[in-house]
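Each remark here refers to the structure printed beneath this line.
Computed from the coordinates by the stated procedures, all read-outs in this text should not be read as laboratory data. As the structure is a computational prediction, the values presented were derived from the model and not from experiment. Glycine also receives a Cβ, built like all others from the backbone with ideal geometry; neighbour counts cover every protein chain displayed.
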């Protein structure tokens, strides 16, 4: 009689029981992933707090990061003719919407920049960004840096800025870093920061109030630009790592909650199926007994 | 470009290479156990790949600053 349920296309008691067991296992895995993320978030948060004061000076030299809150209002008009876009994404998945927000922002930026008659190319940091963006605009990608060993440090940022230089960062009028910024365990925002090399002479010459020793200002400004790029990549990478962990924590918590709700619904179904089976068995026994008597 | 003025530039190093080497020297000046802990802050590793016309090239592992940015 148990096969009757299966013949009708309903899940049998056994199938529901298996479903409940596998959902319970998934719930265990997602809640342990959440706890691991919470622990890692603590370390990433500390590293971010330490990195923050070391990057404040770049805001004075190349402007503050711009919050990508509503993509429709961002025009990218302040960008010069040639921009190198550097999105910072994660390597591992199961981290909520961090990477898709960045991919969407970059796709939107490329569309708007090209519509203004300007050029742009992309150097992607992170495997998830690579897989998403290589589907939308593979011809714009110059280099990718993936499988980054966690946690990041300044040497990593130095190597990544060397990658940007090898991709031709010195030939672009500006470098735009798009990254997630950690606010707290539940909230993260997207920002982009534009870094322009500083003019050494003529109009718009920067740092005219300072005297440079030795006298070669162009050399020192070149060094400063390189250092500014490295420092900014370091800070954005730390920020992105903290945002990724907080997003993963939230995603795993939601997954555990949804798994719990599924288990409750399935358990009710299972009990109903079990009671139906018991009822049919009883009916069989009673009708069999009455057939014998009669 | 005018002739470079600093020795490390004449030797062909970039500013970030110079600064990271200086940091290594500072870390090597520490006493144990702070030294091993600090030297752990230097290691990094990632895979770099160049793209040509929408196709990814071979991946190369980079774990030294001198290897970074080299076209494959």
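Tell me the relative contact order for region A:92-198 as a rounded percent, counting alpha carbon contacts under 8 Å between residues six or more apart. The partial results should precede the final answer.
Values: 96 pairs, mean separation 23.3, N = 107.
Averaging sequence separation for qualifying contacts and normalising by length gives 22 percent for region A:92-198.
Kindly put A:95, A:236 in sequence by how many other C-beta atoms sit within 10 Å of each C-beta, fewest to most. List each step's numbers first, then the result.
Numbers: A:95 22, A:236 27.
Going from least to most buried by this count: A:95, A:236.
With springs connecting C-alpha atoms under 10 Å apart, model chain A as a Gaussian network and identify which of A:33, A:207, A:133 has the largest mean-square fluctuation.
Largest GNM mean-square fluctuation: A:207.
Let me have the 222 nm mean residue ellipticity of the protein assembly as shown computed from DSSP H runs of 4+ only, each contributing -39500 (n - 2.57), with the sum over all residues rounded to the nearest 500. Walk me through the intermediate numbers first.
On the way: 10 runs with 194 residues, N = 366.
The helix contribution divided over the protein assembly as shown gives -18000 deg cm²/dmol.
Listing A:194, B:26 from the residue with the fewest other Cβ atoms within 10 Å to the one with the most, what is the order? Could you put the intermediate results ahead of the total?
On the way: A:194 20, B:26 10.
Placing the least packed residue first, the sequence is B:26, A:194.
How tilted is helix B:15-28 with respect to the longest principal axis of chain B? Cα atoms for both, answer in degrees (0 to 90, nearest 10).
Taking Cα atoms only, the helix is inclined about 40 degrees.
Mind telling me which of A:283, A:20, A:110 comes out most flexible in a GNM of chain A, alpha-carbon contacts under 10 Å?
Largest GNM mean-square fluctuation: A:283.
Any idea what angle helix A:127-136 forms with the longest principal axis of chain A, computed on alpha-carbon atoms, 0 to 90 degrees, nearest 10?
80 degrees
What is the helix-to-structure angle for A:217-293, meaning the angle in degrees between its Cα long axis and the longest Cα principal axis of chain A, kept from 0 to 90 and rounded to the nearest 10?
Result, in degrees: 10.
Can you classify region A:7-129 as rounded, prolate or oblate using the Cα gyration tensor, where a ≥ b ≥ c are the square roots of its eigenvalues, rounded means a/c under 1.5, and otherwise it's prolate if a/b beats b/c and oblate if not?
Numbers: a/c = 3.88, a/b = 1.81, b/c = 2.15.
Cα axes put region A:7-129 in the oblate bin.
Bin all alpha-carbon pair distances of the protein assembly as shown at 20 Å intervals from 0 and give each bin's fraction as a whole percent.
24, 45, 18, 9, 3, 1
Each label point is 7 Å from the Cα along the Cα-to-Cβ direction; what then is the distance between the points at residue A:35 and residue A:290, in nm?
Output for this residue pair reads 5.6 nm.
Restricting things to Cα coordinates, could you compute the convex hull volume per residue of region A:161-240 in Å³?
Values: hull volume 9.8 nm³, N = 80.
Hull volume over Cα atoms, normalised by residue count, gives 122 Å³.
In a GNM of chain A with a 10 Å cut-off on Cα contacts, which of A:26, A:124, A:102 has the highest mean-square fluctuation?
Of A:26, A:124, A:102, the most mobile in the Gaussian network model is A:26.
Expressed as a whole number of Å, what is the distance separating the alpha-carbon centroids of region A:7-57 and region A:259-294?
Each part's Cα centre sits 36 Å from the other's.
Per 5 Å bin, what is the whole-percent P(r) computed from every C-alpha pair distance within region B:5-72?
3, 14, 18, 16, 16, 14, 10, 5, 3, 1, 0
Please find the FRET efficiency linking residue A:60 to residue B:59, where r is the Cβ-Cβ separation and R0 is fixed at 35 Å, and quote it to the nearest 0.05.
Details: r = 38 Å, r/R0 = 1.08.
Efficiency at R0 = 35 Å is approximately 0.40.
Taking the Cβ-Cβ separation of residue A:92 and residue A:281 as r and a Förster radius of 56 Å, what is the calculated FRET efficiency to the nearest 0.05? Don't jump to the answer; show the numbers that get you there.
On the way: r = 50 Å, r/R0 = 0.89.
Computed FRET efficiency for residue A:92 and residue A:281 comes out at 0.65.
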